[in-house]
Amino acid sequence: VRPGSEDLAVVDSTLVLVSSGDLDKMTFMSKKAPREGHINVVQLNDGEDEVITERIMISGMPPQIRASFHPHGIAYSNKTGRVYAVSHDCGERVSESIEIFKLIRSPFLKLEHERSLRSKDFLLLTLNDLIEGVELGEIYVTKFLAQPADDKCRGNGNFWNEMEAYNDALFRRRSTVLRCTWDHKVRSSTEEVECTTVAEGFRSANGITADPERSRIFVTDSGDHALCVYDRQPDGSLMKRSTVELPHGLDNVEYDLSSGKLTLSATPILYEAIQRLNGDSSVNVSGGMLTVQLLEDDTYRVEEVLMHDGSKLSMMSSAVFFNGFALLGSPVSDGVLLCPVPEETLGYQILTPE
């Protein structure tokens, strides 16, 4: 699985989609041009208990978009069969987009490109993750940074104007969540969409997911080590319900349908991640998986499922359950890590949200 495996989207118990956008070279301190981006899959081999990985075929994508496709956050909708991907477009246009595909499974597995969404609110290298709303034609997307990258869009060597980014995360709280809508009945390969801010005040809004009814939205704030919980209103706006402070740094979050738990990637030693983001590829960034479960009394059970020292996969950014295992992804390492789920977790806490 290459280049990178920043985000994971579970389709079912036999198939997981992996975003591979070479974010290490594009958005951190590398001065090298990024490799070609792809969406990969992790799946069970038919009739066998064997896990295989491969690159998924993409059809119908305009050549100029495909040539500069570098997926970051990715989401699958089991309601509409659509796949959504945040893409950092570093081709001729140098822009930010959200690409929409239809997942085709027969006679063979492929993604059929349907639409490319662009907006004046999509600033270069600022978007992170996304989910489909209550229906096709609505998405929620995290705007991780307020400060866009420079127009070179190629391992710019200053961590997205490093000081501005750090100031945003530490003091200004300018990171937001956007709601974007469009008329999905109108056929268009590329479309400008209208977006509104529906949640704000984050240090760095990162992962986003929803419950099966899509009435409750969960957003990780990496800068605050916090899980923010929102109730979706009938008009699509979000009302803050609670904030759960978690013990580690966070990245992506997914809703596990089989257990009803949220699965999150965790980074316990943040200075390791900072060293790695600043270009020191010799640093192995430890990390692992947390789960969060809402209990009947409105408290949350937080479990530390597993931790890894980073020697096999450095800097975990996504964690999901897959066929009885834990599957972990990373923005800076090629490959994914498949780990047995321990019979006993490393520990748990019962937390009362703010």
Exercise. Looking only at the stretch 284-300, decide whether some residue is within 15 Å of ALA319 (Cα to Cα) and in contact (Cβ under 8 Å) with a residue 60 or more places away in the chain.
Key: yes
Quiz item: Counting only residues that are buried (at least 24 other Cβ atoms within 10 Å of the Cβ) and in contact with a Phe, Trp or Tyr (Cβ under 7 Å, 6 or more places away or on another chain), how many does the stretch 132-144 have?
Solution: 1
Practice problem: Among the residues of the stretch 96-119, write down those that are within 20 Å of THR190 (Cβ to Cβ), open to solvent by 30 Å² or more (accessible area, probe 1.4 Å) and either of a type in the set (Gly, Ala, Ser) or in contact (Cβ under 8 Å) with a residue 40 or more places away in the chain (or both). | Solution: GLU112, GLU114
Exercise. Inspect the stretch 285-302 for any residue being under 26 Å from GLY37 (Cβ atoms), at pLDDT 95 or above and open to solvent by 10 Å² or more (accessible area, probe 1.4 Å) and give the result as yes or no.
Key: no
Quiz item: So GLY236 clears everything in (1) open to solvent by less than 10 Å² (accessible area, probe 1.4 Å); (2) modelled with pLDDT under 95; (3) farther than 25 Å from LEU337 by Cβ except one condition, right? Which one?
Solution: (2)
Exercise. Could you check SER281 against (1) crowded, with 22+ Cβ neighbours inside 10 Å; (2) at pLDDT below 95 and say which number it fails?
Key: (1)
Quiz item: Looking at ILE139, ILE131, which one is in a strand (DSSP E or B) and without any contact (Cβ under 8 Å) to a residue 60 or more places away in the chain?
Solution: ILE139
Quiz item: Which one of these does LEU327 not meet: (1) of a type outside the set (Ser, Thr, Tyr); (2) in contact (Cβ under 8 Å) with a residue 40 or more places away in the chain; (3) open to solvent by 30 Å² or more (accessible area, probe 1.4 Å); (4) farther than 24 Å from GLU245 by Cβ?
Solution: (3)
Practice problem: Report, by residue number, each residue of the stretch 67-96 that is outside any strand (DSSP E or B), of a type in the set (Gly, Ala, Ser) and modelled with pLDDT of 95 or more. | Solution: SER77, GLY81
Exercise. Of the conditions (1) surrounded by fewer than 16 Cβ atoms within 10 Å (Cβ to Cβ); (2) under 25 Å from GLY201 (Cα atoms); (3) in contact with a Pro (Cβ under 9 Å, 6 or more places away or on another chain); (4) not β-branched (Val, Ile, Thr), LEU257 clears all except one; give me its number.
Key: (2)
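The values are calculated or read from the model by the stated rules, or taken from the named source; none is laboratory data. Because the structure is predicted, anything quoted here is derived from the model rather than measured. Cβ sites come from the backbone with ideal geometry, for glycine too, and all protein chains shown count toward neighbours. Just so you know, the surface numbers come from the protein's heavy atoms only, side chains and all, with ligands and any DNA or RNA stripped out. Shrake-Rupley method; radii C 1.70, N 1.55, O 1.52, S 1.80 Å.
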